[in-house]
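The values are calculated or read from the model by the stated rules, or taken from the named source; none is laboratory data. Only a predicted model underlies this, so the values are computations on that prediction, with no experimental measurement involved. In this analysis, Cβ positions are derived from the backbone assuming ideal geometry, glycine residues included, and neighbour counts consider all displayed protein chains. All accessible areas refer to the heavy atoms of the entire protein, side chains included, with ligands and DNA or RNA removed. Shrake-Rupley method; radii C 1.70, N 1.55, O 1.52, S 1.80 Å.
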Amino acid sequence: LSGDMVSDQYKSIALWEEVLDFCSRHLSQGGCLLIKVFHGVGFEDFLAQMRGEFSRCISLKPPASKKRSRESYLLGLGFKV
């Protein structure tokens, strides 16, 4: 991250979408994905995309993550292909 929240968020979204594209080409049906994300612009849309690609999608925030941190993880279970 560069420290520019707006720029970082848009770059993160582009990376998340690349990961989903990679999954569509390489992840087997029923496969799982764990991805680190940052809450902000585009998060809800990406979460909706994940829910469309996986049977179950869970948002996780590890106890070690600072409460004020915007980071969390999305766990996609059961890739639909």
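Quick notes
- Residues in region 29-81 that are over 13 Å from Ser12 (Cα atoms) and of a type in the set (Lys, Arg): Arg51, Arg56, Lys61, Lys66, Lys67, Arg68, Lys80.
- Region 1-33: number of residues that are among the polar types (S, T, N, Q) and without any contact (Cβ under 8 Å) to a residue 12 or more places away in the chain: 2
- Residue list for region 32-69, filter: open to solvent by 80 Å² or more (accessible area, probe 1.4 Å), outside any helix (DSSP H, G or I) and under 24 Å from Asp4 (Cα atoms): Lys36, Val41, Lys61, Ala64, Lys66, Lys67, Arg68
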